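Rule-based calculations on the coordinates, nothing more; no lab input. This one's a predicted model, so the numbers in the text were calculated from it and none came from an experiment. All Cβ positions, even for glycine, are placed from backbone atoms using ideal geometry, and neighbour counts span all protein chains on display.
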Amino acid sequence: MSPICVALPSLGTVAEEAAQIHRFDVPSWLWVSFLVGVSLLLLLDLFVLNREAHEVTMREALKSSAGWLSLGVSFTIVVYFVLGSQAAAQYLTGYVIEESLSVDNVFVWSVIFTYFSVPGRYQHRVLFWGIFGALVLRAIFIFAGVALIERLDWLLAALGALLVWTAYRMAFHSTTEIHPERNPVLRLVRRFIPVTADYHGQRLFVREGGRLLATPLFVTLVLIEATDVVFAIDSVPAILAVSRDPFIVLSSNMMAILGLRTLYFVLEAIRPRLIYLDKGLAVILLFVGIKMLVAHYWHVSTYISLSVILVVLSATIYASLRGTQRPRASQPDGESELPR
């Protein structure tokens, strides 16, 4: 009787199997359709839905946010039928990661708008161009990140360590104040570009006395773009831990970013109640960072990753809302509160 041989996978085999599921045969028409679709959505938003400067009401923000979120989640169906269930799971996981990690970015926007006293009716226009710039910057980061990880095996572990360190800082230094005036980008802009003292509607530049001057709205936009670069250092590596297919990473990132403009107005209203948000995001970053650190030894299923992220995010929101719930006024025995 011949001996039974059990072949254990080597570390190299584990890494190869993990890498294979990150690449898909994406047809050219899907690339073109997606990029054209994103462009049309941006044009629709700029020239039709928000052509005139106005303050975004909570009702408008909720409806618009629901629409963008539905669109982002629904794109999972397209990915499923074109690329398969594994690609759809990676897209949805990447989408949830980017959407959740972007919440901190949204709160920083609030600090910047307050510092520059940006009128509410101009904030949406600044966010539009800020999102447009973010899409371009993220695309550069993503393609560069995918190319580097494929050539440098140690980079994945390095990015994982970065996320673990970021998780630690987010969990234990969440009360750190943000000071826009100390930002070196802001100092650089003010040093080399003359800026007007007042706003001139939605214009980023004006001509006065034969000189081209930037408005405070332009300075605000530059600072928002600079903060997005900083936050991309966290969010892009986190998505690369889920997939290294350029289309999956880029599409999930872009679809999440597109809805941030209107989501900002919703989150700004409920920000005081999200008291445990930093802790929840820190747990998500820690999980993703550890996943990247052990990628060459143990592959964590995309479905497990998605489940962990959704559970942590849901628990964080629930705990925050419960922790800030207003106590009910005590009622005398035998009496109940009647509707007025």
Review point. Between VAL294 and ALA66, what FRET efficiency follows from the Cβ-Cβ distance if R0 is 45 Å, with the result rounded to 0.05?
Key: 0.75
Point to revise | Simple spin-label estimate for TYR303 and ARG151 in nanometres, 7 Å along Cα-Cβ | key: 3.7
Exercise for review: Assign one of three labels to region 222-327, namely rounded, prolate or oblate, based on the Cα gyration tensor with a ≥ b ≥ c the square roots of its eigenvalues; rounded applies when a/c is under 1.5, prolate when it is not and a/b is larger than b/c, and oblate otherwise.
Suggested key: oblate
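Determine one quarter of the surface area of the Cα convex hull of region 57-121, which equals its mean projected area, and express it in nm² to one decimal.
Values: hull surface 21.2 nm².
Across all orientations, region 57-121 yields a mean hull projection of 5.3 nm².
If I stretch the segment between VAL230 and PHE47 completely, what's the gain in nm (0.36 nm per residue apart, minus their alpha carbon distance), one decimal?
Values: separation 183, 0.36 × 183 = 65.88 nm, distance 2.97 nm.
Working it through step by step, the gained length comes to 62.9 nm.
Once you have the Kirkwood Rh of region 164-287 from its Cα pairs, apply Stokes-Einstein at 10 °C and 1.306 mPa s and quote D in µm²/s. Let's see the in-between values first.
Values: Rh = 17.5 Å.
So the translational diffusion coefficient is about 91 µm²/s.
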Check your understanding: Assuming R0 = 41 Å, what is the FRET efficiency of GLU55 and ARG23, from their Cβ-Cβ distance, to the nearest 0.05?
Key -> 0.35
Revision key, fill the gap. Full extension between GLN325 and ARG273 adds, at 0.36 nm per residue less the Cα distance, a length in nm of 17.9 nm
Point to revise | Mean Cβ count within 10 Å, highest first, over the residues of peptides 83-95, 24-36, 246-258 | key: 246-258, 83-95, 24-36
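Which FRET efficiency value, to the nearest 0.05, do you get for ALA139 and VAL78 by plugging their Cβ-Cβ distance into 1/(1 + (r/R0)^6) with R0 = 25 Å?
Numbers: r = 19 Å, r/R0 = 0.77.
Once the sixth-power term is evaluated, E becomes 0.80.
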